[in-house]
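Notes follow the structure.
The values are calculated or read from the model by the stated rules, or taken from the named source; none is laboratory data. All values derive from a computational prediction rather than experimental measurement. No Cβ is skipped: glycine too gets one built from the backbone with ideal geometry, and neighbour counts run over all protein chains shown. Just so you know, the surface numbers come from the protein's heavy atoms only, side chains and all, with ligands and any DNA or RNA stripped out. Shrake-Rupley method; radii C 1.70, N 1.55, O 1.52, S 1.80 Å.
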Amino acid sequence: MSTYIFTSERLGFRNWKVDDVDLLYKLNSNEEVMRYFPSVQTKEQCAEFIIRMQKQFKKNKFCYFAVDLLGTEEFIGFVGISEQTYEIDFNPSVDIGWRLLPEFWGKGYATEGAKACLQYGFETIKLDKIISVAPTINIPSITVMKKVGMQKVKLFNHPSLKAFPKLEECMLYEILNR
């Protein structure tokens, strides 16, 4: 039985466990899932991500949370908030992001999960603002940003994506704690 930090109607949000590495690898090695990223990830990269998220959760009480379906406890991907510090004028910031296995697309889980994470970030963590970034070609993620009430701030060229012309132009969205 998983212990969830918080839940939404259908989803449970939890910290990562070391033995989640195979589940995360299934997600991050899927070419369809990773089509808006520079490459798929290795199992080692997935293990490093889990360690980073565990440390971030210990420090801040938030991270990109592992997400399970309530009832079955089936892993569907991750949704959460994370510190961003790469060199750009809007950082340091806290960003919201999501990545789900394809069999869970089109069911409203990303939107439901993002709303729950925004509520957690604003009500529990007391953040003032949460941002989100996506390449302009990532229409599915931009659609979720709009559905959860985020507002477009600007277009920019992502400094980490200079070598990937199709991904470099990104949208910055934000939502303020009101």
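Return the residues of the range 113-136 that are under 17 Å from the mean Cα position of the chain (by Cα) and either touching a residue at least 60 places away in the same chain (Cβ under 8 Å) or open to solvent by 70 Å² or more (accessible area, probe 1.4 Å) (or both); say none if nothing qualifies. Working first, answer last.
Residues of the range 113-136 that are under 17 Å from the mean Cα position of the chain (by Cα), as a first pass: 113-122, 125, 127, 129-136.
Passing the criteria: 113, 115, 116, 117, 119, 120, 125, 129, 134, 135.
Summed over the range 1-38, the residues that are part of a loop (DSSP other than H, G, I, E, B), of a type outside the set (Phe, Trp, Tyr) and open to solvent by less than 70 Å² (accessible area, probe 1.4 Å) give a count of 9. One residue stands out among those in the range 57-83 that are assigned to a loop (DSSP other than H, G, I, E, B) and in contact with a helix residue (DSSP H, G or I) (Cβ under 8 Å, 6 or more places away or on another chain): the one that is nearest to residue 28 (Cα to Cα), which is 63.
Could you check the range 56-101 and list, in sequence order, the residues that are acidic (Asp, Glu) and in contact (Cβ under 8 Å) with a residue 24 or more places away in the chain? Selection gives 68, 73, 83, 87, 95.
Quick grid of which residues meet (1) among the aromatic types (Phe, Trp, Tyr); (2) within 11 Å of the chain's Cα centre (by Cα); (3) closer than 18 Å to residue 3 by Cβ:
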site	(1), (2), (3)
41	no, no, no
46	no, no, no
60	no, no, no
67	no, yes, yes
75	yes, no, yes
89	no, no, no
96	no, yes, no
104	yes, no, no
111	no, no, no
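The residue pairs whose first member lies in the range 1-25 and is within 19 Å of residue 58 (Cβ to Cβ), whose second member is in a helix (DSSP H, G or I) and among the aromatic types (Phe, Trp, Tyr), and whose beta carbons are closer than 8 Å, counting only pairs six or more residues apart or on different chains, are 5/120; 6/120; 13/120; 15/57; 16/57; 24/49. Condition (residue is farther than 28 Å from residue 39 by Cβ and either within 17 Å of the chain's Cα centre (by Cα) or part of a helix (DSSP H, G or I) (or both)) applied to the range 150-173: is it met by at least one residue? For the range 150-173, residues farther than 28 Å from residue 39 by Cβ and either within 17 Å of the chain's Cα centre (by Cα) or part of a helix (DSSP H, G or I) (or both): absent.
Does residue 144 count as under 26 Å from residue 61 (Cβ atoms), touching a residue at least 24 places away in the same chain (Cβ under 8 Å) and in a helix (DSSP H, G or I)?
Numbers: under 26 Å from residue 61 (Cβ atoms): yes; touching a residue at least 24 places away in the same chain (Cβ under 8 Å): yes; in a helix (DSSP H, G or I): yes.
The answer is yes for residue 144.
Give the range 64-87 a look and list any residue that's open to solvent by less than 40 Å² (accessible area, probe 1.4 Å) and either basic (Lys, Arg) or over 18 Å from residue 109 (Cβ atoms) (or both), or say none. Within the range 64-87, 82, 84 qualify.
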